[in-house]
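Worksheet: the structure to be examined is printed underneath.
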Amino acid sequence: MTRAVPAPWSLSDPPDGFFDDPFPFYRQLREEAPIATAPDGSILLSRHADLSAVYRDAAAFSSDKKVEFAPKYGDTPLFAHHTTSLVFNDDPYHARVRKRLVGALNPRALAVLAEALGPYCGTLLDRFADAGGGDAIENYAAAIPVRVIGDMLGVPEHDRGPLRGWSLAILGALEPQPSPERLALGNTAVGDFSAYLADLIEARHRAPGDPERDLLTRLIAGEGDAALTPAELIHNAIFLLNAGHETTSNLIGSALHILATRADVRRTLIADDAAVTDFVEEVLRFESPNQLGNRRALRGTQIAGVPVAAGTQITLVIGAANRDPAAFDDPETFDPCRTPNRHLAFGAGPHQCAGLTLARIEARIAIAAWLRRFPDFELARPARWQRRVRFRGLSALEIRPASPSNI
Ligand code: HEM
């Protein structure tokens, strides 16, 4: 049976305290109305088993967002962008783009990106140390993914300035109720970013890069069924920046936040390099950078035995599923050594994050490098969480490295 979403639950008008700590609200939802009906007729799911089932059943639950986005965006660049991204499409288009992207993100290409990352983290950490600390989001967590994706797409260094702003503007427009200002910013960003990429792609056509190092060259190369049209290529390249930037910044930022307040966890990771792997998985579970997913029922079907009508919009509350006691022992406790850890931070099924290996590599390298340089550090002031429901991350994290005598 579905139940009405319990008060004060609302994603379009979140209750006080939600952004700082949404987890008590998620718990209430999971316990009181695990299959909840919102006033607009959509359904919210919060149990791990229900999300897993929906993610894996692409025949019954569609990712195609044209119906939902037409009234939200109208005939705008944002509509063209989001409805051409592979993540908001079903097969066969989704499978065609995904095959190409996954081929381009092959292990050799990831190794090349990873190689450059250690020295880059070192440079950022030198600056951070010279400044005596500062905002670790702006100066570390957000800089790393932009660098990696800039390298991946072969964007020249002097052109990278606007990338982060474009990405934030386009993703900001995905919030459940974007303001007219947010929509305007998002549309301008899609237009500017598309124009920039069209020139970059044109330049690659004239002078292809090294296919070992340059993802755009690999995406352009080759003919046949799998080849992408120029618009498909541009919108999916924009999507790669968006998908890989904000989420990974948030993962690294949340990891540093936990480390700043948990000396015991710092000591565990410093004593055993390999422990960083499990730690990163636990941050993904505990502070999932992507808190919500969406699907639409293609036909009349059931979720956990509850009938769901064709056309029903479904919100998958990843942040709630990742703290479901039916799936995780003591789920409200951050356990850096938790294994197994079958979190849904990267989704599941045919749309599961195509960049999950890259995200994990980035976070592991970034955290290990940070701890080598700053084994001891603390918050200079309380961290600030972003005011968004879809993405969870810190807008600022002021950190003060401990003086050498305390280390
Ligand atoms: C911590 C970092 C990341 C998180 C939490 C994350 C999360 C997700 C989630 C939840 C999905 C599934 C969406 C759905 O099924 O509706 C997804 C899809 C995707 N992600 Fe990530 N992601 C991260 C990093 C990255 C990176 C670094 C890249 C690549 C540069 C990337 C590329 C993609 C792509 C291409 C898809 C679409 C896959 C498809 O539709 O088949 N992601 N991501």
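The values are calculated or read from the model by the stated rules, or taken from the named source; none is laboratory data. In this text the structure is predicted, and so the values were computed from the model without any measurement. Virtual Cβ from ideal backbone geometry, glycine too; neighbours counted across all protein chains shown. Areas reflect the complete protein model, heavy atoms only, side chains present, ligands, DNA and RNA absent. Shrake-Rupley method; radii C 1.70, N 1.55, O 1.52, S 1.80 Å.
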Response to the item:
If we keep only residues of the stretch 59-69 that are under 11 Å from Pro350 (Cβ atoms) and surrounded by 18 or more Cβ atoms within 10 Å (Cβ to Cβ), then the residue nearest to the ligand (Cβ to nearest atom) is Ser63
Worksheet item: Where in the stretch 239-331 are there helices (runs of 4 or more DSSP H), lying fully within it, with 2 or more residues that are under 30 Å from Leu153 (Cβ atoms) and under 24 Å from the mean Cα position of the chain (by Cα)?
Response: 275-286, 318-321
Discussion item. I'd like the residue in the stretch 70-127 that is at pLDDT below 95, open to solvent by less than 20 Å² (accessible area, probe 1.4 Å) and over 20 Å from the mean Cα position of the chain (by Cα) and, out of all such residues, is nearest to the ligand (Cβ to nearest atom).
Written reply: Ala109
Item to complete: Confirm whether Ile220 is over 30 Å from Asp57 (Cβ atoms), open to solvent by 30 Å² or more (accessible area, probe 1.4 Å) and more than 11 Å from the ligand (Cβ to nearest atom).
Response: yes
Worksheet item: Filter the stretch 350-361 for residues that are in a helix (DSSP H, G or I), within 7 Å of the ligand (Cβ to nearest atom) and touching a residue at least 24 places away in the same chain (Cβ under 8 Å); which is surrounded by the fewest Cβ atoms within 10 Å (Cβ to Cβ)?
Response: Pro350
Discussion item. Step by step: first the residues of the stretch 237-256, then only those that are in contact with a strand residue (DSSP E or B) (Cβ under 8 Å, 6 or more places away or on another chain), under 15 Å from Arg285 (Cβ atoms) and not small (Gly, Ala, Ser), then the one that is farthest from the ligand (Cβ to nearest atom). Which residue is that?
Written reply: Asn250
Worksheet, complete the sentence: Residues in the stretch 316-330 that are in contact (Cβ under 8 Å) with a residue 24 or more places away in the chain and more than 17 Å from Pro289 (Cβ to Cβ) total 4
Practice prompt. Among what's in the stretch 362-398 and is aromatic (Phe, Trp, Tyr) and not in a strand (DSSP E or B), pick the residue that is surrounded by the most Cβ atoms within 10 Å (Cβ to Cβ).
Written response: Trp370
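So that you can scan it fast, the table gives a plain yes or no per residue for (1) over 23 Å from Thr312 (Cα atoms); (2) aromatic (Phe, Trp, Tyr); (3) in contact (Cβ under 8 Å) with a residue 24 or more places away in the chain:
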site: Ile43; (1), (2), (3): no, no, yes
site: Ala58; (1), (2), (3): no, no, yes
site: Gly74; (1), (2), (3): no, no, no
site: Thr83; (1), (2), (3): no, no, no
site: Ala95; (1), (2), (3): yes, no, yes
site: Val102; (1), (2), (3): yes, no, yes
site: Asn106; (1), (2), (3): yes, no, no
site: Leu110; (1), (2), (3): yes, no, yes
Practice prompt. Given the conditions (1) touching a Leu at 6+ places or on another chain (Cβ under 9 Å); (2) of a type in the set (S, T, N, Q); (3) closer than 30 Å to Pro331 by Cα, report the number of the one that Ser42 does not fulfil.
Written response: (1)
